[in-house]
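**Q** Please find one structure pasted underneath; my questions will follow.
The values are calculated or read from the model by the stated rules, or taken from the named source; none is laboratory data. Keep in mind it's a predicted model, so treat the numbers as computed, not measured. Here Cβ is always computed from backbone atoms with ideal geometry, including for glycine, and neighbour counts include all displayed protein chains. These accessible areas exclude ligands, DNA and RNA; they are computed on the full protein's heavy atoms, side chains included. Shrake-Rupley method; radii C 1.70, N 1.55, O 1.52, S 1.80 Å.
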Amino acid sequence: MSGDALAGREVLLVVGGGIAAFKSALVARELQRRGAGVETVLTPAGQRFITGVTFAGITGRAARVDLWDPSYPGELHIALTGRADLVLVAPATADLLARMAHGLGDDLATTCLLAARGPVVVAPAMHPRMWEHPATRANVALLRARGVVVVGPVVGPLASGESGIGRMVEPGEIVDAAARALTPQDLAGCRVVVSAGGTHEAIDPVRFVGNRSSGRMGYAIAIRARDRGADVVLVSGPSALPTPEGVTVERVRSARDMRDAVMAAAGAAQLVVMAAAVADYRPSEVAAEKIKKSDDELVIRMVKNPDILAELGASRHEGGPMLVGFALETSDLVERAREKLVRKGCDLVVANLAADGFDGDDNRVTLVTPGAVTPLAPMSKASVADHILDHFASHRAR
Ligand code: C5P
């Protein structure tokens with residue numbers, strides 16, 4: 001299932017009449033950048049905030065406003081929705097949500113919303129008092145119950161100068177929600193546990209031994225598993241990455257903390273992916289006070305940390321989770337991955353050379369299983385994540 005769910009798909013973008021409409025141009029551009037074809041429909045109020053010319057310039061297609069457009073000979077709302085794989089309403093005003101909830105169809109936007117089939121994603125934007133009004137609450141609940149995906153609003157500065165709930169989520173997140181709505185939910189009902197990032201092994205109250213792992217690979221696996229419908233627990237060592245929405249994140253510091261969190265979550269899991277760069281050693285003692293500088297050498301004795309993956313592998317049982325490990329090597333990639341597969345008792349080892357995968361957004365990996373060695377081309381970490389999840393999905397289907 002590699003590739004962007006938006007690539008080659010048709011999105012109908014409905015722009016309501018709110019000040020957040022200025023950001024809808026960025027939504028259109030991001031949809032376009034990710035490979036979707038975009039038709040734009042503005043409500044008459046939307047047109048007061050942003051013009052169709054902006055969307056035409058971005059999407060290469062005329063933006064539509066008028067249900068009675070004399071230049072179009074047929075039924076415009078039927079033609080526009082017949083091609084759409086998804087309808088995205090951004091911004092969704094209180095009025096537009098109310099008209100959607102009650103099935104009104106007195107302009108091009110609302111007739112399209114009635115005629116559309118397939119997923120509908122709405123990004124509300126309004127003043128907090130309007131968002132919290134019982135009528136809006138009831139309308140949103142009704143739309144949610146019908147399967148409409150509601151993304152946001154969030155708390156932040158508002159056009160009125162106040163701050164509160166009602167701000168439209170940022171364009172990138174709206175487009176992510178659209179992509180998710182188009183992604184087949186082949187992992188629905190699965191519990192997936194992913195570890196990510198490095199670990200910090202304390203030397204004293206302020207110092208630690210750590211490594212350069214960014215956490216990107218593990219976070220990408222957690223995010224793609226979530227997108228594909230899994231119930232995801234992400235056990236994250238220290239990482240600068242933002243907390244992904246819709247994922248249960250447990251933040252840990254040391255290898256031993258990570259072990260406890262992974263073990264606690266793994267019991268109910270069908271898949272455990274150890275993408276974390278777990279420190280193999282930790283200082284044998286943690287100084288209670290900050291270690292003072294002196295003229296002597298400082299010697300830190302290190303002891304071995306628990307090997308979480310090996311522990312999971314050793315306690316495998318019928319019906320237990322599929323176990324996936326990573327092998328970051330500087331040479332003899334496949335041999336070392338094969339050895340790890342056996343020694344740690346896992347089902348799949350994702351092997352990569354340190355030079356290929358550290359930090360950046362891309363990775364070049366080889367999938368090593370007991371029966372096959374599959375080198376993959378260089379690709380984004382999200383695509384690598386999909387390959388790993390595809391492997392799990394195909395085994396589950398057997
Ligand atoms: O032995 P090595 O550290 O190369 O093994 C890497 C794999 O084992 C990774 O999947 C890593 O998350 C896991 N691991 C672990 N506990 C450790 C060390 C590594 O689970 N203490």
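**Q** At a Förster distance of 25 Å, what's the computed FRET efficiency of R146 paired with I78, Cβ-Cβ distance as r, to 0.05? Before the final figure, lay out each step's value.
**A** Values: r = 21 Å, r/R0 = 0.82.
After rounding to 0.05, the efficiency reads 0.75.
**Q** Which whole-number value in Å² is the accessible area per residue of the chain, probe 1.4 Å?
**A** On the way: 18860 Å² over 398 residues.
With all protein chains present, the chain gives 47 Å² per residue.
**Q** What net charge do the residues around R226 carry, taking every other residue with its C-beta under 9 Å from that of R226, with Lys and Arg at +1 and Asp and Glu at -1? Walk me through the numbers before you get to the answer.
**A** On the way: positive: R180, R224, R228; negative: D227, D231, E245.
Summing Lys/Arg as +1 and Asp/Glu as -1 gives 0.
**Q** Charges at C-beta only: +1 for Lys and Arg, -1 for Asp and Glu. How large is the resulting dipole of the stretch 10-181 about its Cα centre, in Debye rounded to 20?
**A** Using only the charged Cβ atoms, the result is roughly 260 debye.
**Q** Now for a separate question. Rounded to whole Å, give me the distance from the Cα center of the stretch 382-398 to that of the stretch 124-159.
**A** Between the Cα centres of the stretch 382-398 and the stretch 124-159 lies a distance of 35 Å.
**Q** With charges set only on the Cβ (+1 for Lys and Arg, -1 for Asp and Glu), what does the dipole of the chain come to about its Cα centre, in debye to the nearest 20? If you can, show how the numbers build up before the last one.
**A** Working: 44 positive and 45 negative charges, 66 e Å.
Its charge dipole is roughly 320 debye.
**Q** Could you give P(r) for the chain, binned at 10 Å from zero, as whole percent values over all Cα-Cα pairs?
**A** Calculated P(r), rounded to whole percents: 5, 20, 25, 19, 16, 10, 3, 1, 0.
**Q** Right, something else. Let me check I've understood the local charge: for V175, count other residues with C-beta under 12 angstrom from its C-beta, Lys and Arg +1, Asp and Glu -1. What total comes out? Could you put the intermediate results ahead of the total?
**A** Working: positive: R9, K23, R29, R33, R34, R180; negative: D4, E30, E170, E173, D176.
For residues surrounding V175, the net value is +1.
**Q** While we're here: A287 to L376: extension gain in nm, 0.36 nm per residue of separation minus the Cα-Cα distance? Please list the in-between numbers first.
**A** On the way: separation 89, 0.36 × 89 = 32.04 nm, distance 4.53 nm.
Using 0.36 nm per residue and subtracting the Cα-Cα distance, I get 27.5 nm.
**Q** Now, a different point. Mind checking which lysines have their Cα closer than 29 Å to the Cα of K23? Skip sequence neighbours fewer than 8 apart in that chain.
**A** K381
**Q** What shape does the stretch 1-151 take by its C-alpha gyration tensor, where a ≥ b ≥ c are the square roots of the eigenvalues and a/c under 1.5 counts as rounded, a/b above b/c as prolate, and the rest as oblate?
**A** Working: a/c = 1.40, a/b = 1.26, b/c = 1.11.
Here the stretch 1-151 falls in the rounded category.
**Q** How many percent of the accessible area of the stretch 10-181 is carbon or sulfur, using a 1.4 Å probe? Display every interim value, and only then the final one.
**A** Values: 4300 of 7570 Å².
That share works out to 57 percent.
**Q** A further question follows. Please find the FRET efficiency linking S163 to L241, where r is the Cβ-Cβ separation and R0 is fixed at 22 Å, and quote it to the nearest 0.05.
**A** Details: r = 26 Å, r/R0 = 1.18.
Step by step, r from the Cβ atoms, then E = 0.25.
**Q** Based on the alpha-carbon gyration tensor of the stretch 191-396 and its eigenvalue square roots a ≥ b ≥ c, which shape applies: rounded if a/c is under 1.5, prolate if not and a/b is larger than b/c, or oblate?
**A** Working: a/c = 1.70, a/b = 1.58, b/c = 1.08.
The shape class here is prolate.
**Q** Same structure again: Excluding residues on the same chain fewer than 8 positions from K293, give the aspartates and glutamates whose Cα lies under 15 Å from its Cα.
**A** Once the sequence-local aspartates and glutamates are set aside, what remains near K293 is D204.
**Q** Can I ask one more? Given the options L12, L86, L158, which has the most mean-square fluctuation in a GNM of the chain, springs set between C-alpha atoms less than 10 angstrom apart?
**A** Of L12, L86, L158, the Gaussian network model singles out L158 as fluctuating most.
**Q** Also: Given H placed on each backbone N at 1.01 Å, which residues far from L353 in sequence or on other chains put an amide H within less than 5 Å of it?
**A** Close amide H contacts, sequence-distant or interchain: E329.
**Q** Can you tell me the order of 369-378, 288-297, 42-51, 330-339 when each peptide is scored by its average per-residue count of other Cβ atoms within 10 angstrom, highest first?
**A** Highest mean packing first, the order is 42-51, 330-339, 369-378, 288-297.
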